[in-house]
Amino acid sequence: MNSPYMGKFRVSQIYKGALHDGLDLVGVDSKLIHSTVNGRVIFAGWENSLNKKQGFGQYVKIRKADSEDVYYFGHLSEIKVKTGDCVNITDVIGTEGSTGKSTGSHCHYCIRKGGIKGMHKNVSEVSGIPNKTGIYDDGYREQKSTNNNKVMLKQGALSYDGKNLAAFVYSQKFDILSRKGDRVVIGINGMVTAAVRADDLIECP
Ligand SMILES: [Zn+2]
């Protein structure tokens, strides 16, 4: 089963297609919300910052890599990623909460094709989380990863200007420090390592 939680969690409301297009989940062991896919954050913020009780409140949308499927994590109390971030499965993306149209702390977890309301997928089938209220165990006991937005360089890739790079760079994970068109500056702890071509980066390994 692949849930947004580590350890035990509760299904408080089941998936009912158009009537309720996701599962409502409540963390038991931990309230941290983890990404359930490798992909890119295409939205992280308030549905309506002027009305914090509207819709999903504070939420995160992640487009699964090489897919049209968009995963939603709604009603968060806190968000730990930003739009454009590349996330791996198990990365922490936020904390469960009760923002938006919500009566108690939970995460509305749903999948919409193309990110379009009404194009919901059966999130219970996809994730393996039973479509039945009750307490379940995700199975994870180790701390899930908190490494967000790390990239690696393809073996043998050159710098953006076509120069050779030191051998060590091919075995390290880097942060994206800046990006302009296909020119991406990568580094570690804010220190620049190189400017490279976007095509030479392996994202979400
Ligand atoms: Zn819900």
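The values are calculated or read from the model by the stated rules, or taken from the named source; none is laboratory data. Just so it is clear, the model here is predicted, and its values are computed rather than measured. Ideal geometry is used to build each Cβ from the backbone, glycine not excepted, and the neighbour counts take in all protein chains shown.
Being on the phi > 0 side of the Ramachandran plot, surrounded by fewer than 21 Cβ atoms within 10 Å (Cβ to Cβ) and modelled with pLDDT of 95 or more is the filter here; which residues of segment 61-118 pass it? Within segment 61-118, Gly114, Gly115, Gly118 meet the criteria.
Yes or no, residue by residue, for (1) surrounded by 23 or more Cβ atoms within 10 Å (Cβ to Cβ); (2) more than 10 Å from the ligand (Cβ to nearest atom); (3) modelled with pLDDT of 95 or more; (4) not assigned by TED's automatic domain parsing to the domain that holds Val60:
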position: Gly17; (1), (2), (3), (4): no, yes, yes, no
position: Gly22; (1), (2), (3), (4): yes, no, yes, no
position: Val26; (1), (2), (3), (4): no, yes, yes, no
position: Ser35; (1), (2), (3), (4): yes, yes, no, no
position: Asn38; (1), (2), (3), (4): no, yes, no, no
position: Ala44; (1), (2), (3), (4): no, yes, yes, no
position: Asn48; (1), (2), (3), (4): no, yes, yes, no
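Looking only at segment 42-71, residues that are in contact (Cβ under 8 Å) with a residue 60 or more places away in the chain and in a loop (DSSP other than H, G, I, E, B) come to 1 in all. Flag: Ser3 matches the condition of being surrounded by 20 or more Cβ atoms within 10 Å (Cβ to Cβ) and not assigned by TED's automatic domain parsing to the domain that holds Lys117.
Of all residues in segment 95-123, those that are within 16 Å of the ligand (Cβ to nearest atom) and part of a strand (DSSP E or B) total 9. A search for C-beta distances below 8 Å between a residue of segment 108-131 that is of a type in the set (D, E, K, R) and any residue that is exposed (fewer than 13 other Cβ atoms within 10 Å of the Cβ) and in a loop (DSSP other than H, G, I, E, B), counting only pairs 6+ apart in sequence or on different chains, returns Arg112/Gly118; Lys113/Glu68.
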